[in-house]
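Reviewing the structure listed below.
Throughout, read-outs are computed from the coordinates displayed, never taken from laboratory work. Bear in mind that the values here come from a model prediction, so they are computed numbers and not experimental data. With ideal geometry, Cβ positions are generated from the backbone for all residues, glycine too; neighbour counts draw on all protein chains shown.
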Amino acid sequence: MQRFRLIFIYILVIAVAVALGFWLFKSSEKQEANMPGQELEYQGQGHMPSCTPGDPPYNSNPPTSGCHDPAPADWGTYDAALTDQKYIHNLEHGGIWISYKPDRVDAETVLKLKDFANRYKLIIVAPREANDAPISLAAWMHLLNLDSFDERAILEFIEAYHNKGPEVVM
């Protein structure tokens, strides 16, 4: 009788552990599905000149990983674009790169975007003619394209990926 009771307790403990594991797995799956933007494939962390930018071609526009400049850009705002390879290095350090198409974003919106660089560390805001969307947010292996200014979406992206690159700096 004692042996059956012990077997029953073991089975019960195993069943609870399996149920808990399944619940945790499903919870993390839902959390990943709710992350802002799209996740992109890793394209390496090589520094020029030991690699060639765009070889292989970047898998997103703007790029979110891959061959990049050995020195990052200074954090903050820019009125003229630097090379993508500079900004990719900042993404590697956990930064967020907010880029905008100057001909599709008005001056008031540019000021709102630049305010994020004043409110947060590790943010770059710069114009970028080559964007597919009027506003793009890039983090290491993550991208969010916006047709218009959406403060909530921008904040969610920053909260999700800020300071989460492979080389975290303070």
- Ranked from highest to lowest mean number of other Cβ atoms within 10 Å per residue, what is the order of the peptides 148-158, 48-58? 148-158, 48-58
- Message: Please report the spacing between the Cα centers of the range 140-170 and the range 74-91 in Å, no decimals.
- Response: 15
- Task: Indicate the gyration tensor shape class of the range 39-161 (rounded, prolate or oblate), computed on the Cα atoms with a ≥ b ≥ c the square roots of the eigenvalues: a/c under 1.5 is rounded; otherwise a/b larger than b/c is prolate and the rest oblate.
- Result: prolate
- Message: For a quick check: sort Ile96, Ile123 by the number of other beta carbons within 10 angstrom, fewest at the front.
- Response: Ile123, Ile96
- Query: Based on the Cβ-Cβ distance from Ile14 to Glu129, what FRET efficiency comes out when R0 is 45 Å, to the nearest 0.05?
  - Reply: 0.15
- Query: Order of Trp97, Trp75 from fewest to most other C-beta atoms within 10 Å?
  - Reply: Trp75, Trp97
